[in-house]
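Trainee: Have a look at this one.
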Amino acid sequence: MGSHRERKQPQQGGPSRDPLGSVSSSLANLTRPELYSIYDSGVVLESEGIQDVNEAKYRSATAGVGPQTLRPRGKIDATTLVVLALSGIVYHELARMMHDNHKLHEDIISRPLLVGVHFLDWAVGGSLGISIPTWVGYALEGVLFGLSVPVLDRYLPESRITGTGGSGTSPRGDSLFSVLRTVNSMLGITFGIRKIKWASSMQASVAWLSLNFMLWLLLDSTVPLLLHSATLGCLVSALSSQGAGPAVHLPEVLYLFDFYFLGFLVFGKLGRYLTYRHGYTH
Amino acid sequence: MTSIVKDISNGMVRPFAKLSKTSAKNPIHTILFVLLFATFAYVSVIQHYFNVFQLEFGAGSSTADLLKGCTNYYRDASTRNNWVQVTHDDDSEKLSQYAHYYLFDLNFVTKNSSCSLPNINGTVFESGSTKYVLRDSPYLSDSEFTRATADGTKWRLVSTGGDFFKTMLKLFKELYYATFNHINQSDPFDLMIIVVAYSTMIYTFVSLFNDMRRKGGSKFWLTFATIANSACSLFLALYISQCILKAYVPILSLLIGLPFIVVIIGFRNQLKLTVNALKRTEVSDMSRMITPEQVVHDAMLQEGSRLLQDDSLFLFAFAGCSIYAKNLPALRNFAILCSLIAVLDVLLTSTFYSAVLSLKLEINTIYRSTIIKQTLEEDGVVPTTAEIISLTKENFGSENAKLLAQNQTGILIAKLSIILLIFFINFYNFGINWLSSSNSLFPFYNWSSATLGNGLDLPEFIKAAQTSLSNEPVVISIAPVRYYQQTRVLHHITDGLSESLHYLSRVIRDRFVSKMVFTLLLISASINIYLLNAARIHTHYTWGQLVKKKNAILEAATNAVSAATSGTSTPAPATVPEAGRNTPPACQGSKKSKKKSKKSKSLTTTTDGKDEKTTVAKPPQKRLLTELEAIMKEGNTHTLENEEVTELVTNNNYPLCALEKQLKDTTRAVLIRRQALSILADSPVLATERLPYQHYDYDRVFGACCENVIGFMPLPVGIIGPLLIDGESVHIPMATTEGCLVASAMRGCKAINAGGGAVTVLTKDGMTRGPCVRFPSLMRSGACKIWLDSVEGQDMVKKAFNSTSRFARLQHIQTAIAGDLLFIRFRTTTGDAMGMNMISKGVEFCLSQMVEEFGWEDMEIVSVSGNYCTDKKPAAINWIEGRGKSVVAEATIPGEVVRKVLKSDVKALVELNIAKNLIGSAMAGSVGGFNAHAANLLTAVFLAVGQDPAQNVESSNCMTLMREVDGDLRISVSMPCIEVGTIGGGTVLEPQGAMLDLLGVRGPHPTHPGENARKLARIVACAVMAGELSLCSALAAGHLVQSHMTHNRGKKAEPASTVPPAAIEPLKQTPEDLQCLKEGAQICIKS
C-alpha cells in the first residue's frame, strides 16, 4: 500500500501539489470525472497497481477451479482407503513371489510385512481385544504406507515437494499415468529378478540397487519421497538382518532394501495421487 | 541432485534445439531420410526375425537363401554311407564342394482322386497325390504344372496345403498353440505381470490419443507421428543392436520387455513439445514474425531438457546395466537395445518429430489464414480487404505462409506434398520389400518345418535307394513341401491379382526399373521439396509483385504530377523530407501502409501537419475544369493533383464517396475529402490536423469499417490487470474518457486476485436474428409457426441455414406470432466472429427457401430484422433467452482484502448490493440493469478491442450478486448477452487487433472455432465484475459522502498547501475509522 500522504494530495487540492500541474484546484475540481467523487483518492493514484500475481496464480492453479484462499490440503476418502488397502494385499503377494535363481527364496522378502502384521495385531488388535486377520493386516499396512507420504508432504514447503517425475494433472505432479509408470517399473524389475538367470544373488541385488536410484530420478525426483523410501528401506533391511529367524545374508539384505525402497516409492506416488487427485480443498 | 541433472540437461538441450530447428526448416528432407533409414532398418530387422524359406526362387532369390530354408543331408565315406543332416552355416564348404541335389516334395491337394497329376521331369518317387522330384538345380518352373494334364486339370501352386482360410486357420492355430505352450510353461504370476504391462501399454496409447486430441488439437496425425517416431526408434535400435553390434535380442524377450519400455519412456515429452509449440502459435504476438522452425526451436528449448533428462537417465541406467551384466547375454543385449532406444528417441524427436510438427504448424498457418479470409468475407467484408487482413493477420507464418494463403491451392500443395511423400515411401517399401518374394501374401507366415523344427526328414525311398546314387559324396537339400491345387474360378481372380502384383514386383525388381523407382522416389521427394519451396518462392514473388504494383501506380501518379507541375517532359524534382521518422508507434498501421503513407505525402502540396510539409512545385499553369473532367472521364483521376481533384469534387463533378476507388490510394482519398469538405462545409477545421488522419491503415477501413472517411478519433486506452481469470493472468485494455474508471477497475482486479482470481462459466453461445414475415391470414401464420416449431421444420431450416456458411450452425428457432405477423428468432453459432452479417445471410437464404421450396409461397418477408433479435435495443428477450455469449463470472474476496484493499466491509457491501442493484433496479423497472455500472466497463473494453459499441445496450445486461461466505465476499456477475467477436468488424483495425493480441484472442481460434470469442466474453465479464466490486465498495464505504465533505471543508477552510499532509489523512485503518465508514456508507445509501 502506498503512503496515504501521496494518495491524499489531489483531494486536498493545493495548486502546488495538484496532480494536474499548474491547473488551479477549482478548475481541477470542475474537470474531474464524475466517478472521482465516489472513489477514495487512493484508487486514482494507486502507486502499486501492478501487484505480484504469483501468489494469486498459485492459489488459483492449485485450487484448480478458481478462487480458493486456503492452504492446499489433501482429501482422504473411501476410495483412497480401499485402493490403498487392496494395494497393500497385492504388495504382499508381490513380496511373497519375489525370488531369484540363487539365494533369494520366496517368503524372505515378505517376512517384514508379516512382522508388521503381527505388530499391528499386537498394537491395535490387543488394545481392542480382537485378533486382526492377516489379510486385514496387509491392507492396513497398505493404507499406512500410502498415507505416510501425503502426511509428510503436508509439513513440508511446496518447493521441496514438487518433483519432476509426474506428468502433471495433480497438484503434486503425480498423475495416474505417473503412478502406472512406477507400478510398471516395479513389475518389470520383479519379472527380471525372477526370470533372468543371474550369476549370483549379489549381482541381481546390486543391479537393482543401482537401478532404484535412477528410477527415483526418472519417476519422481522429490527429496521427501527419496528420504522416506530410503529410510524405511534401510530400517526394514536392518531390522530383518538383526531380527530372529533364519540368518539373512548381505544379498538378501540388499534385496530387502531394494524391494522396500521401490515399494515405498510406489506407495508414495499412489498415496499422493489418490490424496490430491481432486485438487485442493477448503 | 535433481537440480544438477536439470542444469546439465538444460545446457545440453541447445544443440538438440538447433537440430530441431534445422529439421523443421527442411521438414520433407528430414522425414524422407528418417523414413528411408527406418524402412531399411525395418526390413532388415524383420528379415532377421522371420528369415523364412521362399517358395519360389526368382531372379531375386539367391541359392544361399534357398539353402537356408532347406534341410540338407550329405553322405560320403566318412559317414559310412549314412545320411547326416547338416546346416548350411556350419557346412557350407561341403555343400559347395559335393554333388548337390534338390528334392522337392510336391503335394497335390485334391478331393477327387481321379484327377490326373502332371508329369514332371525328375520325378523319383510318387505316392498317392505326392510326388518327389529330384533336381540338380534349385529351380522348379511353374509352367510344368500350369499346363493342362491329360484330363484337362490345371494345377496351381498355393502357399500351404489349403486355401486362404485354411492358411489363416493354420496360422492362428500355430499362434494359439505357441501361445498356449508358453502359457502352460509359464508361471501364472509372470503371466499376470505381462498382462498388466500390456494393459498399461494400451492405456498409454489410448491416453496419448486422448491427450493429443485434447491438448494438442490433433485427432490423428500428430499421434500417428508420435507413434511412428517411437517405432522408428525401435527399429533403428533393433537394427543397430542386431546387425551392427551383433547383440541379438530374441523375439520373445522383445515381446515381453517392450511394454515395460513403452510405458516408462512414454510419449509425454513429445506431447509437451507439441502443446508448447501449438500454444506459442496461438498466443504469440501478431506483430512479431515467427516462423514454424523458430517455434519448434523455442518449444524444444523449453521442453527438450525434460526429454533429454529422461532419456539420459534411461540411457545411463541401461548402459550401466549392460556393462554390469555382461556375463548375462540376454540381459546385456536387451539393455543395449534399451540404451539405443533412448538415444534414438532424443535424436528422432529432434529431427523427425520436429519436422512433422513444423509441417503441422505450417498447415495450421495456411488453414488459419484461409479461415480468416472466409470468415471476413462471410462477415461482409469486401474480398480485397479480407485478403489484406488475412495476409497481415498471420501471426507467425512468415511471408511465405502469408502469401501461400492467398489461394486455396496453398493448402492443396501442402497436403499433396505430404500425401505424395507417404505414397511414394510406402510404394517403395511395398515394391522392394513385400513383392520381392513371389508369394507375397504370406512371406513370413510360411511356417515350414525347416524354420520351426529340426528340419525335414529324409524320405525313406532315398535312404532305400542308396544304390541308385553313386557312392560319391553327395548332398541332398530337401525343400519344404509345396502344395498344389486344382485351378478354380476364384483362383483365376486371385491369380489375376497376384499375377499383376507379381508382374509389378518383377518390373520393380528389374535392374533398370528398380533404379528408376528409386530415382522416381528421389524425384518425388524433390518435387515435394520443390512444391514447398515453390510455394514459398511464389509467395515471396507475389508479395513483391503486390508491392511493386502499388509502387508502380504511385510512381506513375508521382510522375504525372511532376510532369504536370513542370509542364515539360522532364519531371521536376520533388523534395520530400523524411516525414514520419519520428512518428510515434501508436496509431501506426502495417509497414505497407507506412510506405503508402510516405508515397501519398509526396502527392500532397500543402498541409498543416508538421511532418507533411512538402515542397512540390506548383504547376505553372492551372488546368481548366473541362480538362480535368476529360482526364477524369478517361479514368486517370489518380494522375491529377490533389487540388485538381478537390476542385472536381467541390464543383460537384465528383462524388465524395468514390474517391478511394478512383484514386486507388485510401490515404490520399482521405486527405482530398478533408480538403474538399473544408471548402464545401466551410469548416476550416478539417484543413488542420486537429482531427488526425495520418499514419493509419485505411485499406483495412475501406469496405469494412467506415465510409467517407476523414480521419480517425484517438481515444485514450488504459489497462487493468493482471487479472487472474480461470487460472490465466490477463491484462485488459479499456478505452475510455471517463476518469477513475480504469483506476477503479484496477482496484477491483487487485481484490479479485487476492482472493485467488475469478472463475467463469459460459452457459450459452449463439447470436440471434429475428426476421418478421407476414402471411395472408392468421391461419397460415399459425401453421407456419407450428411447422417451424416442429422437429421436421427445424431440421429443414437448419439444413438450409447451415449450407450458407462453414461457421454458422443453426442451434434453435424460436417463434412468436402477432396477428398475421410471424417473428422467427434464429440462434446460431458464428465461430469467432460476432456474426451478425453471417447470420443475416443465412436467414435470408432460409426465408427464400421457405418461400420457394418449403411450401410457404404466400409468405411475405416484411423485414430480415424484425426487432425480435433484438439487436442494439433494450429487450427482455435478450435478458431472458440470452444473445451472443451468456457468461457468469464469480470471485471470492477474503474479508481481510475487502477491508484492506477495498476499504469496505463485507456485510455493508452485501447490503448495498441488495438495496441498490436488486431492489433499486426493480423499483426502477429495469430489465437487465441489476448492476452498478456494467456498461461503463463493458463499453470501455468494447472500444479498446474493436467491438461494436452500439451493442453495449444488450451486452451490458448484468445482474450483480453478492453474499457473505464464511466472512468472505462471494461476488458474481451474470451477463446473458455479451456480443463479441475476435474477427471482423473493428477487430480488423491494427490498434484494436493489437489489443486483442494483448489478450491472446486475436482472430479465429486455430483448433476450436469460437473459443477466442468465448474467452473474450469471459474477460469482459470479469472486467465488469472488477468494476462492480470497486464501485460498490466505494459506495459502501461512504467515500461519496466523505469526499463531498472533504471538498466542502477544503473550500471553506484554508488552502490545502497550508494543511500538513499528516493532518489530512482521512483513512486510518483502525476499527473506529472502519465503523465510521460503515456509518457513512449507510448514510450514503439512505440519502
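The values are calculated or read from the model by the stated rules, or taken from the named source; none is laboratory data. Predicted, not measured: the structure shown is a model, and the values here were computed from it. For neighbour counting, all protein chains shown are included, and Cβ atoms are generated from backbone atoms with ideal geometry for every residue, glycine included. Side chains included, ligands, DNA and RNA excluded: accessible areas come from the protein's heavy atoms. Shrake-Rupley method; radii C 1.70, N 1.55, O 1.52, S 1.80 Å.
Trainee: On average, how much area does the Cα convex hull of the stretch B:876-1028 cover when viewed from any direction, in nm²?
Mentor: Projected over every direction and averaged, the Cα hull of the stretch B:876-1028 covers 9.7 nm².
Trainee: At 1.4 Å probe size, with every protein chain present, just tell me what the per residue accessible area of the stretch B:201-259 comes to in Å².
Mentor: Values: 2770 Å² over 59 residues.
I get 47 Å² per residue for this part.
Trainee: Across the Cα atoms of the stretch A:73-141, what radius of gyration and what greatest pairwise Cα-Cα distance (Dmax) are found, in Å?
Mentor: 14.2, 46
Trainee: What does the structure give for A:181-190 when I average, per residue, the other chain Cβ atoms found within 10 Å of the residue Cβ? It would help to have the intermediate numbers written out before the result.
Mentor: Details: counts 8, 2, 4, 15, 3, 1, 10, 9, 1, 3.
Partner Cβ neighbours, averaged per residue: 6.
Trainee: With a 1.4 Å probe and all protein chains kept in place, how do A:99, A:92 rank by accessible area, largest first?
Mentor: A:99, A:92
Trainee: Something else now. If you wrap a convex hull around the alpha carbons of the stretch B:845-901, what volume per residue comes out, as a whole number of Å³? Write down the numbers at each step before the final one.
Mentor: Working: hull volume 8.2 nm³, N = 57.
Considering the Cα atoms of the stretch B:845-901, their hull volume per residue is 145 Å³.
Trainee: Scan the stretch A:72-144 for GluC sites (Glu not before Pro) in coil per DSSP, keeping those whose Cβ has at most 13 other Cβ atoms within 10 Å, and list them by number.
Mentor: Sparse-neighbourhood loop GluC sites (Glu not before Pro): A:106.
Trainee: If you don't mind, there's one more thing I want to ask. Return the FRET efficiency for the residue pair residue B:457, residue B:178: r is the Cβ-Cβ distance, R0 is 22 Å, and the value is rounded to the nearest 0.05.
Mentor: 0.50
Trainee: Moving on. Determine the principal axes of the Cα atoms in the stretch B:869-947, then give the extent along each, sorted from largest to smallest and rounded to whole angstroms.
Mentor: So the three principal-axis extents are 44, 33, 18 Å.
Trainee: Sticking with this structure for a sec: Enter the buried accessible area of the B/A pair, total of both sides, probe 1.4 Å, in Å² rounded to the nearest 100.
Mentor: Accessible area lost upon association: around 6700 Å².
Trainee: Please report the orientation-averaged projected area of the stretch A:105-152, defined via the convex hull of its C-alpha atoms, in nm².
Mentor: Its average projected convex-hull area is 3.9 nm².
Trainee: Set the Förster radius R0 to 51 Å, insert the Cβ-Cβ distance between residue B:791 and residue B:144 as r into 1/(1 + (r/R0)^6), and round the FRET efficiency to 0.05.
Mentor: The pair residue B:791/residue B:144 has a calculated efficiency of 0.10.
Trainee: Can you give the average number of partner chain beta-carbon atoms within 10 Å of each beta-carbon in peptide B:753-764, as a whole number?
Mentor: On the way: counts 9, 7, 7, 15, 10, 3, 7, 1, 1, 0, 0, 0.
Per residue, the number of nearby Cβ atoms from other chains is 5 on average.
Trainee: Which trypsin sites (Lys or Arg not before Pro) in the stretch A:177-225 sit in a loop by DSSP (not H, G, I, E or B) and have at most 15 other Cβ atoms within 10 Å of their own Cβ?
Mentor: Counting only loop positions with at most 15 other Cβ atoms within 10 Å, the trypsin sites (Lys or Arg not before Pro) in the stretch A:177-225 are A:197.
Trainee: Using a 10 Å cut-off on Cβ to Cβ distances, tally the other chain neighbours for every residue of A:197-208 and report the average as a whole number.
Mentor: 2
Trainee: Cα convex hull of the stretch B:743-809: mean projected area in nm², to one decimal?
Mentor: Approximately 9.0 nm², given one-decimal rounding.
Trainee: Under the Kirkwood approximation applied to all pairs of distinct alpha-carbon atoms, what is the hydrodynamic radius of the stretch B:210-331 in Å? Write out the running numbers ahead of the final one.
Mentor: Values: mean 1/r = 0.0597 Å⁻¹.
One over the average 1/r among Cα pairs gives 16.8 Å for the stretch B:210-331.
Trainee: When the distances between all Cα atoms of the stretch B:795-942 are binned every 10 Å from zero, what whole-number percent does each bin get?
Mentor: Reading upward from the zero bin: 9, 29, 26, 17, 12, 5, 1.
Trainee: In the stretch B:879-1023, what percent of the accessible surface is made up of carbon and sulfur (1.4 Å probe, ligands and nucleic acids excluded)? Intermediate values should be presented prior to the final figure.
Mentor: Details: 2430 of 4200 Å².
Taking all protein chains in place, the stretch B:879-1023 shows 58 percent carbon and sulfur surface.
Trainee: Run the accessible area of the stretch B:253-345 with a 1.4 Å probe and give the carbon-and-sulfur part as a rounded percent. Don't jump to the answer; show the numbers that get you there.
Mentor: Working: 2120 of 3190 Å².
After summing per-atom areas, the C and S share lands at 66 percent.
Trainee: Taking 51 Å as R0, compute the FRET efficiency from the Cβ-Cβ separation of residue B:814 and residue B:624 and round it to 0.05.
Mentor: Calculated transfer efficiency: 0.20.
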